[in-house]
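Peer 1: Just dropping this structure here.
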Amino acid sequence: MAKNILIVEDEEHIAEGLKINLEADGYTTDIAGDGLEALEKWRSGSFDLILLDIMLPEMDGLEVCKNIRDESGRIPILFLTARDAEDDRVAGLLAGGDDYITKPFSLKELMLRISAIFRRQSWYDENRLQVDRFEFDNYWVDFKTFTASGQNGPVELSQKECMIIKLLAEHSDEVVTRDMILDAVWGYDVYPSNRTVDNFIVRLRKIFEPDSSKPKYLHTVWGAGYKFTPAGSDDE
């Protein structure tokens, strides 16, 4: 069955161009011209991916993304925007976006990004850690519902947070490089930056570590990457 993509773009010629090219590549599509319409179509439709412009009328793309994630929407979101500062890219990903591509972009690159998102979803669903619930020390993570038990009780995780934990759990007590995380979770090793990985690790430490400044589980291996120690260790 063809993947169904919601295009959220207020510039009509861009939206129509994307629609034509995506459908030529085998996808089905729908278009929303502003943020509120995007939320309405997402709530009433059945989509596999959202291409989401940030600069939108009525409600900007970051707010649309936050609303979807607050409503437990797990749909992949790829931001389309003219903003290319690293802080903007990080903000989009931390808001719950799966990827971020800046205008102008080539259609070939966009198609590769979309393919990478669907490929990483398949990895998350089918990779070798075949458990829905992973337990370590006094905590657990449910990879199916994107929920966990952390320092302060139950918490909802983003898909990217779950994917990072799943990758680290597969390589427990081993060093996992930032490039390995980028490749497995985002699909390529040049975008986003290593700083994005570090920001996600900081967030996960706040959830699971008794003292995030002295990690027991999510250790930094300086100059290399990270090591997950399920049993807990005071060695950083």
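Rule-based calculations on the coordinates, nothing more; no lab input. Quick caveat, the model's predicted, so the values are computed rather than measured. Please note: Cβ atoms are built from the backbone with ideal geometry, for glycine as well, and neighbour counts cover all protein chains shown.
Peer 1: How far is it, in nm, from the label point at Thr220 to the one at Glu156 when both lie 7 Å from their Cα along the line to the Cβ?
Peer 2: Spacing of the two 7 Å Cα→Cβ label points: 3.0 nm.
Peer 1: Which order, highest average first, do 206-219, 45-58 follow once you tally other Cβ atoms within 10 Å for each residue and take the mean per peptide?
Peer 2: 45-58, 206-219
Peer 1: If you don't mind, another one. Can you give the local net charge around Glu40? Use residues other than it whose beta-carbon is closer than 13 angstrom to its beta-carbon, Lys and Arg +1, Asp and Glu -1.
Peer 2: Numbers: positive: Lys41, Arg43; negative: Asp30, Asp34, Glu37, Glu58, Glu71.
After counting each charged neighbour, the total is -3.
Peer 1: How large is log10 of I(q)/I(0) for the chain at q = 0.10 Å⁻¹ when the intensity is taken from the Debye formula with one equal scatterer per alpha-carbon?
Peer 2: Computed log10 I(q)/I(0) values: -0.48.
Peer 1: Non-local amide H neighbours of Gln151 (under 5 Å, H modeled in plane, Pro and chain starts lacking H): which ones?
Peer 2: It is Phe208, by chain and number.
Peer 1: Determine the dipole magnitude for the chain: charges of +1 sit on the beta-carbon of Lys and Arg, -1 on that of Asp and Glu, nothing else is charged, the reference point is the Cα centre, and the result goes in debye to the nearest 20.
Peer 2: Working: 27 positive and 45 negative charges, 117 e Å.
Roughly 560 debye, rounded to the nearest 20.
Peer 1: So, one more: Calculate the FRET efficiency for Glu23 and Glu63 from the Cβ-Cβ distance with a Förster distance of 45 Å, rounded to the nearest 0.05.
Peer 2: Working: r = 28 Å, r/R0 = 0.62.
FRET efficiency, Glu23 to Glu63: 0.95.
Peer 1: Right, next: Rank Val8, Leu168, Thr102 by how far each Cα sits towards the positive end of the charge dipole of the chain (+1 on Lys, Arg Cβ; -1 on Asp, Glu Cβ) and give me just the farthest.
Peer 2: Final value for the positive-end residue is Leu168.
Peer 1: Turning to a different aspect of this structure: Please state the relative contact order of the chain as a whole percent: Cα pairs under 8 Å, 6+ residues apart?
Peer 2: 12 percent
Peer 1: Where does the chain land at 222 nm, in deg cm²/dmol rounded to the nearest 500, when only DSSP H runs of n ≥ 4 count, each adding -39500 (n - 2.57), divided by all residues? Before the final figure, lay out each step's value.
Peer 2: Values: 8 runs with 93 residues, N = 236.
When only DSSP H runs of four or more count, the value is -12000 deg cm²/dmol.
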